[in-house]
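The values are calculated or read from the model by the stated rules, or taken from the named source; none is laboratory data. In this text, all values refer to a predicted model and were calculated from it rather than measured experimentally. Counting neighbours? That spans all protein chains shown, and the Cβs are built from the backbone with ideal geometry, glycine included.
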Amino acid sequence: MKGVRIIAMIMLGVLVGYFYRDSAPAVMLERLIARPCAEPLLYTLGEVDGRFGVSEERLINTLKDVETLWEDALGIDLFAYAATATSRTIPVNLIYDNRQIQSDISKNVRNTLGDERSSLTAMETARDELAAEYEKTLAIYNEIRINYEKRLAAYNKTVGEWNKKGGAPKDVYEELEVEGEALDKEMKKVVAAGDSLKALTEELNTYNARIASYVDNYNKLVDSYNETFHQETGFAQGTFGGRTINVYQFTSDEELRIVLAHELGHALGLGHVENDHSIMYAKTGQQSLETGLTPEDITHAKEICGIKE
């Protein structure tokens, strides 16, 4: 039977990685002149597209969580939320465009594939249970058949021997009649067990054919998904430039936090670092909020803020 292909869980670039595209010289230069990290960097909410399903309150709380990530690592206040936009605040926008549309489509397709795989698993489980029943029925059938064949062979041998002698005495004849009737009943049991076995065989073959067809269709869906979404993407999940943070795409709350942490880092004046697990790495994919900032992130931030070890 064909094997089920593994879905390349790319999620529009999680494996390959999203490229951050940042142009931060304006605020970076301003921060350097004004003594980096000397006072908290003010941010406010800008455009928050409702199609992301993220409320303003939730976005503010997410940003405050991201603040803590950087501030706990450096031990100073780096950011502050401002309810009102001013010339000094940096707006944070969630801009819904084709990037998030494609991500949502990818997520829906993956959910569909997950449902299809669950259905396939259920079919395979039912098939395996049926196969176990078949093996049990086969064993019973073979036992009944072998016992019947042995009794039949012994009966035929005895009848043959008496026939050679010209016939059996009355008492022997009556015993053979009883055994013959018993053999007829046993034969019916053998036939019934054989019919049951045949029905199970047909049902099992039907299951196998359905599963093979299902696997084939499932693999076609996986191939279509991988062809559509398994590709390098040059767009950015988030950008920082012109005193503005824009977030365009994320697949989970954690990923939103990672993107915001990355862009707030740029707002402080940080560039990219080389460790692919770092928040300030140029692509997303390997970062985790459980591990938080890497030594490269912290070292770079301290350099920008002028904090000596």
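Right, Asn163: over 30 Å from Arg99 (Cβ atoms), of a type outside the set (D, E, K, R) and modelled with pLDDT of 95 or more or not?
no
Any chance you could count how many residues in the stretch 110-156 are surrounded by fewer than 15 Cβ atoms within 10 Å (Cβ to Cβ) and touching a Ser or Thr at 6+ places or on another chain (Cβ under 9 Å)?
Of the residues in that region, 1 qualify.
May I ask you to verify whether Leu293 is under 12 Å from Trp70 (Cα atoms) and out of contact with any strand residue (DSSP E or B) (no Cβ under 9 Å at 6 or more places or on another chain)?
Judged against the criteria, Leu293 is a match.
Quick one: is Arg51 crowded, with 17+ Cβ neighbours inside 10 Å and within 30 Å of Glu227 (Cα to Cα)?
For Arg51, the condition - crowded, with 17+ Cβ neighbours inside 10 Å and within 30 Å of Glu227 (Cα to Cα) - is not met.
Take the stretch 51-74 and flag every residue that is in contact with a strand residue (DSSP E or B) (Cβ under 9 Å, 6 or more places away or on another chain) and without any contact (Cβ under 8 Å) to a residue 24 or more places away in the chain.
Ser55, Glu56, Ile60, Lys64, Glu71
Which pairs do you get when a residue that is assigned by the TED database to the domain that holds Arg210, found in the stretch 109-134, comes within reach of a residue that is outside any helix (DSSP H, G or I) and loosely packed, with under 12 Cβ neighbours inside 10 Å, reach meaning Cβ atoms under 9 angstrom, with the pair 6+ apart or on two chains?
Once the first residue is assigned by the TED database to the domain that holds Arg210 and sits in the stretch 109-134, no partner that is outside any helix (DSSP H, G or I) and loosely packed, with under 12 Cβ neighbours inside 10 Å comes close enough.
Would you check which residues across the stretch 287-309 are without any contact (Cβ under 8 Å) to a residue 60 or more places away in the chain, outside any loop (DSSP other than H, G, I, E, B) and either among the β-branched types (Val, Ile, Thr) or at positive phi (or both) and list them?
Thr299 - this is the single residue of the stretch 287-309 that is without any contact (Cβ under 8 Å) to a residue 60 or more places away in the chain, outside any loop (DSSP other than H, G, I, E, B) and either among the β-branched types (Val, Ile, Thr) or at positive phi (or both).
Among the residues of the stretch 83-109, write down those that are exposed (fewer than 15 other Cβ atoms within 10 Å of the Cβ) and in a loop (DSSP other than H, G, I, E, B).
Those that are exposed (fewer than 15 other Cβ atoms within 10 Å of the Cβ) and in a loop (DSSP other than H, G, I, E, B): Ala83, Thr84, Ala85, Thr86, Ser87, Arg88, Asp97.
For residues that are more than 19 Å from Thr239 (Cβ to Cβ), of a type in the set (A, V, I, L, M, F, W, C) and modelled with pLDDT under 90, tally how many sit in the stretch 72-105.
1
Give just the number: which of (1) farther than 30 Å from Lys150 by Cα; (2) surrounded by 11 or more Cβ atoms within 10 Å (Cβ to Cβ); (3) not basic (Lys, Arg) does Leu183 not satisfy?
(1)
Can you confirm whether Thr244 is in contact with a Pro (Cβ under 6 Å, 6 or more places away or on another chain), farther than 30 Å from Tyr148 by Cβ, touching a residue at least 24 places away in the same chain (Cβ under 8 Å) and surrounded by 14 or more Cβ atoms within 10 Å (Cβ to Cβ)?
Considered against the rule, which asks whether it is in contact with a Pro (Cβ under 6 Å, 6 or more places away or on another chain), farther than 30 Å from Tyr148 by Cβ, touching a residue at least 24 places away in the same chain (Cβ under 8 Å) and surrounded by 14 or more Cβ atoms within 10 Å (Cβ to Cβ), Thr244 comes out as yes.
Has the stretch 225-245 got any residue that is modelled with pLDDT of 95 or more and either within 30 Å of Ile60 (Cα to Cα) or in contact with a Ser or Thr (Cβ under 6 Å, 6 or more places away or on another chain) (or both)?
yes
Test of understanding: among Ala267, Ala282, which residue is aliphatic (A, V, I, L, M) and surrounded by 21 or more Cβ atoms within 10 Å (Cβ to Cβ)?
Of the residues listed, the single one that is aliphatic (A, V, I, L, M) and surrounded by 21 or more Cβ atoms within 10 Å (Cβ to Cβ) is Ala267.
Could you tell me whether the stretch 18-35 includes any residue that is outside any helix (DSSP H, G or I), among the hydrophobic types (A, V, I, L, M, F, W, C), at pLDDT 95 or above and surrounded by 17 or more Cβ atoms within 10 Å (Cβ to Cβ)?
no
Read through the list (1) at pLDDT below 95; (2) assigned to a helix (DSSP H, G or I), then give the number of the only condition that Lys150 fails.
Only one criterion in (1) at pLDDT below 95; (2) assigned to a helix (DSSP H, G or I) is unmet by Lys150, namely (1).
If we keep just the residues of the stretch 251-285 that are assigned to a loop (DSSP other than H, G, I, E, B), closer than 20 Å to Arg99 by Cα and touching a residue at least 40 places away in the same chain (Cβ under 8 Å), which is nearest to the chain's Cα centre (by Cα)?
Checked the stretch 251-285; the qualifying residue nearest to the chain's Cα centre (by Cα) is Thr251.
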